[in-house]
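Right, one structure below, let's go through it.
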Amino acid sequence: MSGQPGDSAYAGVTLRPGRCVAAVIRDATVVPLPRVLHGAIRPAGADEVLGAIAAAAPGDIQAVTIDLSRLLLEAVLHPAGTGRVAVIRIVPRAAMDPRLARSPAELVERLVARRFTVGGGHDLLGNELCPLDTAELARVCAHLRRAGVRGVAIVAPGSQAQPEHERAVADAVQAALPDAHISAATDFGGQGLVAREATVILDCALGAIANRLLNVWEDAIRRSGTGAALRVARGDGGYSTPSRARALPALTLGAADALELCGAAYLHGAQECRVVLPRPGGHVSGDVRHGLAVVRAAELAGIGTALVVPTAVLAPDPGVSQNGEPRWVRDVPVVHASGDPDALACVGAAVSQPTAWIDEVAFIESAEHLERIRREAEERVSAIVMANGAAPGTAYLTEASIVAVPYSPAGTVRIRVRVAGAADGGLRRAHGGVPAEPVAP
């Protein structure tokens, strides 16, 4: 399996509370660092890690990809240093049942300091349910200003199709609180009000800690003098730029699982395989296609509710039958991962690619309209993958599906598109993806 192009070296770093593991890929060969490093969330620790990486590949480090997902998940599970946020729901009317007015996940709800409801919202196809209540919005903004809130999560039904109300609320909140971190559900796409709200709450709560971590590593990269690019692993196993991760830190959640799958596949020279990972409660398995983990928006382990952030699809491994045959149909090679999971994740991070994903609903009237919708979706996601660090012309389509939405008007479809790219042209050829349509200038 081909790794990064050329003779340059690429590093992957996995961060945990009190523990850091790193590996370097050079000339398609893995160079593990000789020991586990500590304190990598502080400037001196980051300097030590980068020094060890530079020593493993003197003068050749092109990029360092860091996985923040375990640190950020720990911040959610034990939120002593995580900021609490105000939540604004834009719906036609407030929930009458208190249980419907909160998140079903206790872990998510304890991050919420105060909830507000503003009249408004759209249906699945972007039709306005009721006008935005600007008077109530002004009262909410005044309250937030007096309270000195530093983080605001905003969610509205139908904002995937029509973000007008969410954008208006975000603009008003930004004017009232210029320094606040604002997370809007329209930036994530996906389906389901509960999942979208949970995602923006986590995104908003993690903004400050993600910013601190990225500042530490950006400063350390500058001090190292290597000239290496800093990349941040995403939940789908790809990477994005620090600026994108700083703006949308929730997209980094769940990256470790996808990176483990990709790392194990890389070490076994497989681009198409099923990977079996050891876990404390038993083995789980996930698939790799085109060198990328198969991902879906689903519940992230430990959170207690679904999110709209795509993460690796892991299922309990069925093992083998009594006669020793696998219980699944062996349609692809099976890779049994072994060794330190963090080391596998480091390898996966080092060989990762910039990726992007959209999940939205559209209404189609004809086959020609469907083709235009598909092409526009691919162009939008290709633009996003370039913002995540891909060079122009390297984007390629890895997954696309258009399916009818049940219990909806005829012609309502759900569109999912995933695109990957490369910092240069080498990885597209190595992974053999289908080139996406170029983005119009």
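From its DSSP helices (H runs of at least four residues, each -39,500 (n - 2.57)), the chain gives a residue-normalised ellipticity at 222 nm of -10000 deg cm²/dmol. In this Cβ point-charge picture (+1 for Lys and Arg, -1 for Asp and Glu), region 110-205 has a dipole of about 520 debye about its Cα centre.
Once the Cβ-Cβ distance of Ser408 and Ser366 is raised to the sixth power relative to R0 = 22 Å, the FRET efficiency obtained is 0.80.
Computed over the chain with a Gaussian network model linking Cα atoms closer than 10 Å, the most mobile of Arg102, Arg234, Arg279 is Arg279. The Rg/Rh ratio of region 187-325, with Rg taken over Cα atoms and Rh as the Kirkwood radius over Cα pairs, comes to 1.04. Assuming charge only on the beta carbon of Lys and Arg (+1) and of Asp and Glu (-1), the dipole of the chain about its Cα centre is about 1020 debye to the nearest 20. Remark: accessible surface ordering of Met96, Met386 (largest first) is Met96, Met386, probe radius 1.4 Å. Against the longest alpha carbon principal axis of the chain, how many degrees, from 0 to 90 and to the nearest 10, is the axis of helix 207-224 turned? Approximately 40 degrees, to the nearest ten.
Charge tally around Leu277: other residues with Cβ under 13 Å, Lys/Arg +1 each, Asp/Glu -1 each, net -4.
Against the criterion of solvent-accessible heavy-atom surface with a 1.4 angstrom probe, Ser352, Ser243 sort, most first, into Ser243, Ser352. When only the Cβ of Lys, Arg, Asp and Glu is charged (+1, +1, -1, -1), the dipole of region 223-349 relative to its Cα centre reaches about 460 debye.
The radius of gyration of the Cα set in region 172-254, together with its Dmax, comes out at 14.4, 46 angstrom.
Restricting the calculation to Cα atoms, every distinct pair contributes to the Kirkwood radius of the chain, found to be 22.6 Å. Calculate the FRET efficiency for Thr134 and Asp97 from the Cβ-Cβ distance with a Förster distance of 22 Å, rounded to the nearest 0.05. FRET efficiency, Thr134 to Asp97: 0.25. Amide H contacts under 5 Å for Ser183: Val152, Ala153, Ile154, restricted to partners 5 or more places along the chain or on a different chain, H placed in the peptide plane at 1.01 Å from N.
Peptides 268-276, 24-32, 161-169 ranked from most to least packed by the mean count of surrounding Cβ atoms within 10 Å: 161-169, 268-276, 24-32.
Note on Ala147 and Arg19: with the Förster distance fixed at 56 Å, the Cβ-Cβ geometry gives a FRET efficiency of about 0.90. Each part reduced to its alpha carbon centroid, region 348-377 and region 164-203 end up 22 Å apart. The amide H of Glu399, built 1.01 Å from its N in the peptide plane, has Arg418 as neighbours under 5 Å, considering only residues 5 or more places off or on other chains.
The values are calculated or read from the model by the stated rules, or taken from the named source; none is laboratory data. All of these numbers come straight from a predicted model, not from anything done at the bench. Note that we place each Cβ from the backbone using ideal geometry, even for glycine, and neighbour counts take in every protein chain shown. To get the accessible areas, we keep the full protein, side chains included, count just its heavy atoms, and leave off ligands, DNA and RNA. Shrake-Rupley method; radii C 1.70, N 1.55, O 1.52, S 1.80 Å.
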